[in-house]
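Read through the structure below, which is laid out as structure tokens, and then see the notes.
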Amino acid sequence: MKKLTIFAAALVMLTVFASAATRSKKSEISRNLDIFNALYKELQTFYVDSIDAEKSINTAIAAMLNDIDPYTEYIPVKDQEQFRTMTTGEYGGIGSVIQETPRGVIIADPYEGSPAHKAGLRPGDLIVMIDSDSVAGWKSAKVSEHLKGTNGSMLKLLVNRPYVQDSMLTFDIKRAKIQIPSVPYYGMLKDNVGYITLTTFSEKSYPEVREALEKLIKDGAKGIVLDLRGNGGGLVESAVQILGLFLPKGTTVLTTKGKGVLNEKVYKTSVAPLDTKIPLAVLIDGASASASEIVTGAIQDLDRGVVIGNRSYGKGLVQSTRQLPYDGLLKVTIAKYYIPSGRLIQAIDYSHRNPDGSVGRIPDSLTNVFHTAGGREVRDGGGITPDITIDYPDANRLTFNVVRDNWAFDFATKYASTHSSIPAPEDFVITDSIYEEFKGFIDPEKFNYDKVCETAVEQLRKLAEAEGYADDSIKTQFDVLAGMLKHDLKRDLDSNRSNISPYLAGEIVKRYYFQKGEIINSLREDKAVDSAVTVLTTPRYTEVISPK
């Protein structure tokens with residue numbers, strides 16, 4: 001008993017010292033809070049104009065938190081519904097993505113089976129009124145707030161539908177509980193390789209992935225592709241559960257270390273695995289972050305599978321929520337996480353800023369070497385580097401403008417208004433006639449070119465003249481160069497068809513087969529998926545995870 005008492009006392013003292021060593025002094029905190037409180041009272045009393053208390057305090061809070069890291073944020077009551085949607089995947093509403101455009105806020109992507117879909121809303125519908133309120137001039141956040149509501153409640157929606165007669169349409173819609181799927185698609189690829197795409201890590205992700213994996217294994221899958229591209233993360237607990245499907249129960253997959261030596265937590269898989277041997281490939285890209293990197297990093301560090309794609313984002317920080325007065329929430333970074341090899345994959349050190357306040361990625365030259373369970377070298381400090389890198393062509397400005405300015409989206413809307421059906425997603429392609437129709441749809445007078453080359457030539461011409469290089473021969477050469485670099489829209493669309501067609505096909509397919517169909521169609525020509533299938537069905541798999 002005496003030993004236990006001594007140990008408890010020592011533990012308390014260690015906690016006190018650990019906390020004191022990592023926090024500001026109480027006197028400094030109290031003094032600065034007094035200064036801020038007094039300053040704000042003086043402003044409210046003597047400043048010549050009235051000050052919006054909530055706005056000014058929120059601005060001060062945001063400035064303080066922005067100086068820490070981008071993930072620590074204050075969430076007032078009015079913004080908490082969106083935060084809960086992110087963590088649970090659920091909300092009450094009509095079930096559609098909306099988008100802000102120059103025309104106004106439009107229906108962009110109704111979820112299959114949602115109230116929006118069942119009522120007959122289509123992508124491209126311009127929202128005119130919600131109940132008795134005109135939405136003219138509203139931002140998408142305000143529109144979203146009015147579309148959401150209690151499960152079972154009714155709303156009336158007036159929309160303007162493009163490319164059809166009698167375009168002003170009214171819909172009476174009953175709101176429902178919307179469950180955004182974490183796994184929008186899973187299925188079998190060629191050579192009996194199963195495919196699962198996971199878009200987020202929410203409370204529903206584990207059961208959805210488990211169901212998909214069980215079905216694929218039952219159907220005879222000889223390998224599994226887990227697609228985490230574009231997955232920005234979510235709940236740590238969800239990541240650990242999903243890892244448990246592929247690893248023995250009790251496997252350590254993550255360690256988090258917070259402020260003070262006692263704030264360390266070890267995460268181990270706690271569910272019975274479905275298959276610890278089936279060949280596994282994880283796909284990642286630059287938008288795979290946080291929980292995605294926990295799963296990917298553990299699979300790589302434990303030599304459980306092959307990682308394919310491009311280097312991940314590099315977010316090795318863990319957040320938790322703390323309750324604040326008046327029902328506010330603070331989402332605060334409480335720890336850094338370390339994957340099984342012991343490496344931290346955080347790419348940016350927010351505690352060391354440049355003189356101007358900016359931060360940069362940790363240079364590769366300053367990263368450290370760690371080793372996987374089988375002895376392979378891996379590095380920290382910059383996301384997860386894949387075992388097999390996929391090289392993609394750089395996205396050019398023309399393709400970017402076609403997507404950004406909704407030319408592909410609007411054409412798909414028009415196309416769907418005149419075509420009652422298209423082939424199945426796995427068979428649909430952009431034919432010559434469809435692409436010619438798309439080219440004719442674009443108005444050259446309205447197409448927003450980024451005239452980088454033309455502007456650069458004119459700037460160089462002026463610099464040359466200022467330097468005294470203005471004779472006729474030089475002017476002629478500039479004229480020739482300017483002519484060669486002058487945009488020709490139809491020619492540029494032809495030369496970039498291979499880049500534009502996938503976006504165009506995805507938009508069209510989505511009008512008929514929703515998000516699931518878009519994913520299926522995209523798998524027709526996917527270099528990362530093709531690479532994964534090859535690796536999983538050849539000796540290359542063993543060569544990567546167990547090099548001699």
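The values are calculated or read from the model by the stated rules, or taken from the named source; none is laboratory data. Computed from a predicted model, the values in this text were never measured in an experiment. No Cβ is skipped: glycine too gets one built from the backbone with ideal geometry, and neighbour counts run over all protein chains shown. Side chains included, ligands, DNA and RNA excluded: accessible areas come from the protein's heavy atoms. Shrake-Rupley method; radii C 1.70, N 1.55, O 1.52, S 1.80 Å.
Before moving on, here are some points about what is shown:
- Residue-count net charge about G149 - beta-carbon cut-off 15 Å; Lys, Arg +1, Asp, Glu -1: +2
- Judged by the mean number of other Cβ atoms found within 10 Å, the most tightly packed of the peptides 267-275, 36-44 leads the ranking 267-275, 36-44.
- Extension gain from Y47 to I217, taking 0.36 nm per residue of separation minus the Cα-Cα distance: 54.3 nm
- Accessible-area composition of the range 60-189, carbon plus sulfur, in percent [1.4 Å probe]: 53 percent
- Reducing the range 195-225 and the range 127-173 to their Cα centroids gives an inter-centroid distance of 36 Å.
- Estimated FRET transfer efficiency (N368, L330; beta-carbon r; R0 35 Å; 0.05): 0.60
- When each of K462/K486; K55/K142; K148/K331; K41/K331; K190/K249 is checked by Cα-Cα distance, pairs over 29 Å: K190/K249
- Mean-position separation - Cα centroids, the range 329-352 and the range 48-99, in angstrom: 22 Å
- Bridge type composition, the chain - antiparallel percent by DSSP, nearest 5: 75 percent
- Normalised contact order of the range 235-279, rounded percent, pairs of Cα under 8 Å and 6 or more residues apart: 45 percent
- Those lysines that a straight Cα-Cα span of less than 22 Å connects to K414, excepting residues fewer than 8 apart in one chain: K118, K439, K446, K490, K510, K516
- Prolate/oblate/rounded call for the chain, Cα gyration tensor, a/c under 1.5 rounded: rounded
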